[in-house]
Amino acid sequence: MRVLFIELEMEREWSLASIGPAFLAAFVRKHGHDVLLHRSAYDESLEKTLAVVQSIQPDILALSLTTRQWLRARAVVKTIRQAINIPTIAGGLHPTFSPESTLGKFGFDYICLGEGETAFLDFLNIMEQKGYISPDEIPNIWVKGASRPSVRSPISSLNDLPFMARDMLREKHGVASMTTQRGCPFPCTYCAARMYNEMYGTTQYGRRRSINNVLAELQHLRQTGPLNYIIFQDDTFTIQPKWLREFLPQYKKEIHIPFSINARAETISPKMLDQLVDAGCKHIIYGVESGSERLRTDIMKRNVSNKHLYDVFRWSKERGVITTANYMLGMPTETPAEIEETLALHHQLQPHDFGYFVFYPYPGTPMYHYCKKHGYLPEDFEDIQANHRSSVLVNNTLTDEDIEEYYQRFTHIRKQGFLKQYGQYIDEAGRKELHRQIEYIAETG
Ligand code: B12
Ligand code: SF4
């Protein structure tokens, strides 16, 4: 079968396309299917996307979706399906945790719940044989109009998966993305990534590749192209200290290429930082989220003190590691004084860079259910674009004006920091075409 994945970029060019499709493509290609990817830039018109699909003439249209991409995906799928009758399947976090709403929209025939490799292969094989899937024929594949299918256990060993199909990623200048694990054991209430744990149970979903398997992929990358920098995309690279203690020296010996990771401050000690730096770690992205310990502990379920955060940033910088802090604002019950606490903590931490995102309640997460129960979700919630710049919540302790004001403050601080460090600041790219597509679907449904 000839599959076309459409990767929908939002607001700017992604540094890479989806990791999920890169795993899926590697897996189904091994079994004889043909997989192509079209990266649809954020300003690509609907007509252009349709023309691309028409020229490629795939048998199956596939999309991997996060919530942020959902409204655009609806516009794109609607446009394509009005013109061509092509079976369309969506997978990823958004369809998995909003399945009925996804299948309820025009043009979405099938969705895949959760981990997709074996389910997608079964799907393609049966489509090839008979051209359609019957309800509950394939575990994980939910057919439009049918009831929820059963779900298979996740693959027991990630080592059995082929390495990602690199042509599905946008990797330039020898900068490679890697994942060593699936699942995250922490309980953060706002996080969509950890919801697979709820679906499968943490012990089933949390898996890490063997050290040899990870090193073999890196050796393979080095043999097949330039390899200058590695971004470990794992949610929290620093879980399982025993795995790390064994991995880092071997990595240093065999690969020794600079790398960056995502980490949670709770998992970091000076000793672990020494090991990371010794192996080549140059950059760590830490989720700080808020300066208010009340908000972090009671609402977000992130039990870490400001003191420990401060220490971790200090230890990292002392060792020459570049630090990025990620913050959220606009959580339910948050007050302006608590955002001030976040700004105050930021001034103490002094990271090299930071990200700041207005809270959005991702479907399936505990915070989504909390917001629903306490009347924070507007009636037209599903038709509002998730953009992380403004809040979708109603009746919150923070007004839209508060959010706007603080968002601007964060922007200003970041801009000043960039001007000071690099002498320039990159303006956000235009969002005209994207808005046109979102308005189109908002108007026509
Ligand atoms: C790496 C990463 C990125 C990278 C690459 C993005 C990517 N799509 O790969 C970059 C830096 C670009 C990025 C950007 C952003 N990200 Co991000 N990112 C991640 C991260 C940490 C890992 C993704 C990963 O490696 N997945 C591993 C693969 C194997 O898993 P998977 O994607 O779920 O795919 C499997 C199944 O879902 C299924 N499947 C997936 N697609 C399909 C399609 C079909 C047809 C089928 C059959 C099956 C199928 O099969 C796959 C293989 O088993 C995740 C957290 C996470 N653990 O998922 C967050 C995450 C996806 N990101 C998130 C967010 C919010 C963002 C940003 C909005 C951040 C921001 N504020 O700007 C942007 C926008 C992303 C977007 N596309 O809309 C959220 C999404 C929540 C949601 N419900 O939408 C996540 C879940 C983190 C979180 N906080 O909860 N991100
Ligand atoms: S540590 Fe990160 S990936 Fe893990 S549950 Fe919390 S926010 Fe999600």
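Any residue in the stretch 297-320 that is under 30 Å from Tyr376 (Cβ atoms), touching a Pro at 6+ places or on another chain (Cβ under 8 Å), touching a residue at least 40 places away in the same chain (Cβ under 8 Å) and in the same structural domain as Asn396 (by TED's automatic domain parsing)? Yes, the stretch 297-320 contains at least one residue that is under 30 Å from Tyr376 (Cβ atoms), touching a Pro at 6+ places or on another chain (Cβ under 8 Å), touching a residue at least 40 places away in the same chain (Cβ under 8 Å) and in the same structural domain as Asn396 (by TED's automatic domain parsing). Looking across the stretch 157-184, the residues that are within 12 Å of ligand 1 (Cβ to nearest atom), of a type outside the set (Ser, Thr, Tyr) and under 19 Å from Phe247 (Cβ atoms) come down to Leu158, Leu161, Met164, Met178, Gln181, Arg182, Gly183, Cys184. Within the stretch 122-165, if we keep just the residues that are basic (Lys, Arg) and touching a strand residue (DSSP E or B) at 6+ places or on another chain (Cβ under 8 Å), the residue that is farthest from His33 (Cα to Cα) turns out to be Arg148. Of the candidates Gly92, Gly104, the single residue that is under 25 Å from Pro361 (Cα atoms), among the small types (Gly, Ala, Ser), modelled with pLDDT of 95 or more and away from ligand 1 (no atom under 12 Å from the Cβ) is Gly104. Apart from one condition, Cys191 fits all of (1) within 12 Å of ligand 1 (Cβ to nearest atom); (2) of a type in the set (A, V, I, L, M, F, W, C); (3) touching a helix residue (DSSP H, G or I) at 6+ places or on another chain (Cβ under 8 Å); (4) in the same structural domain as Arg296 (by TED's automatic domain parsing); the exception is (3). Here Ala22, Ala90, Ala62 are screened, and the one residue that is more than 16 Å from ligand 2 (Cβ to nearest atom) and in a helix (DSSP H, G or I) is Ala22. Mind checking which residues of the stretch 300-312 are surrounded by fewer than 22 Cβ atoms within 10 Å (Cβ to Cβ) and either over 12 Å from Glu341 (Cβ atoms) or among the small types (Gly, Ala, Ser) (or both)? Lys301, Asn303, Val304, Ser305, Lys307, His308, Tyr310, Asp311 - these are the residues of the stretch 300-312 that are surrounded by fewer than 22 Cβ atoms within 10 Å (Cβ to Cβ) and either over 12 Å from Glu341 (Cβ atoms) or among the small types (Gly, Ala, Ser) (or both). For the stretch 359-412, residues that are within 20 Å of Pro95 (Cβ to Cβ), more than 15 Å from ligand 1 (Cβ to nearest atom) and touching a Gly at 6+ places or on another chain (Cβ under 9 Å) total 1. Checked against (1) under 22 Å from the mean Cα position of the chain (by Cα); (2) of a type outside the set (Gly, Ala, Ser); (3) under 30 Å from Ser98 (Cβ atoms), Ile284 passes all but condition (3). The set of residues from the stretch 36-67 being within 18 Å of Tyr110 (Cα to Cα), modelled with pLDDT of 95 or more and either in contact with a Pro (Cβ under 8 Å, 6 or more places away or on another chain) or not assigned by TED's automatic domain parsing to the domain that holds Thr88 (or both) comprises Asp59, Ile60, Leu61, Ala62, Ser64, Leu65. If a residue counts only when it is away from ligand 2 (no atom under 16 Å from the Cβ), which helices (runs of 4 or more DSSP H) contained entirely in the stretch 138-233 have at least 2 such residues? Result: 211-224.
For the stretch 276-298, the set of residues classified as in a helix (DSSP H, G or I), of a type outside the set (A, V, I, L, M, F, W, C) and surrounded by fewer than 20 Cβ atoms within 10 Å (Cβ to Cβ) consists of Asp278, Glu293, Arg294, Thr297, Asp298, listed by residue number. Taking Ala119, is it assigned to a strand (DSSP E or B), among the hydrophobic types (A, V, I, L, M, F, W, C) and within 24 Å of Val35 (Cβ to Cβ)? When the stated conditions are applied, Ala119 does not pass them. You will find that of Thr179, Thr118, Thr88, the residue that is β-branched (Val, Ile, Thr) and surrounded by fewer than 19 Cβ atoms within 10 Å (Cβ to Cβ) is Thr118 and no other.
Only residues that are loosely packed, with under 15 Cβ neighbours inside 10 Å and part of a helix (DSSP H, G or I) were counted in the stretch 337-381, giving 8. Going residue by residue through the stretch 255-268, is there one that turns out to be over 23 Å from Arg207 (Cβ atoms) and either assigned to a helix (DSSP H, G or I) or over 26 Å from the mean Cα position of the chain (by Cα) (or both)? Yes.
Taking the numbered list (1) in contact (Cβ under 8 Å) with a residue 60 or more places away in the chain; (2) in contact with a helix residue (DSSP H, G or I) (Cβ under 6 Å, 6 or more places away or on another chain); (3) of a type in the set (Phe, Trp, Tyr) in turn, Phe186 passes all entries but (2). Candidates in the stretch 182-210 are the residues that are under 19 Å from Ser260 (Cβ atoms) and in contact with a Ser or Thr (Cβ under 9 Å, 6 or more places away or on another chain); of these, the one that is surrounded by the fewest Cβ atoms within 10 Å (Cβ to Cβ) is Arg208. Determine, yes or no, whether Leu71 is touching a residue at least 40 places away in the same chain (Cβ under 8 Å), under 29 Å from Gly183 (Cβ atoms) and either in contact with a Gly (Cβ under 6 Å, 6 or more places away or on another chain) or outside any helix (DSSP H, G or I) (or both). It is false that Leu71 is touching a residue at least 40 places away in the same chain (Cβ under 8 Å), under 29 Å from Gly183 (Cβ atoms) and either in contact with a Gly (Cβ under 6 Å, 6 or more places away or on another chain) or outside any helix (DSSP H, G or I) (or both).
The values are calculated or read from the model by the stated rules, or taken from the named source; none is laboratory data. As the structure is a prediction and not an experimental result, all values here were calculated from the model. Cβ sites come from the backbone with ideal geometry, for glycine too, and all protein chains shown count toward neighbours.
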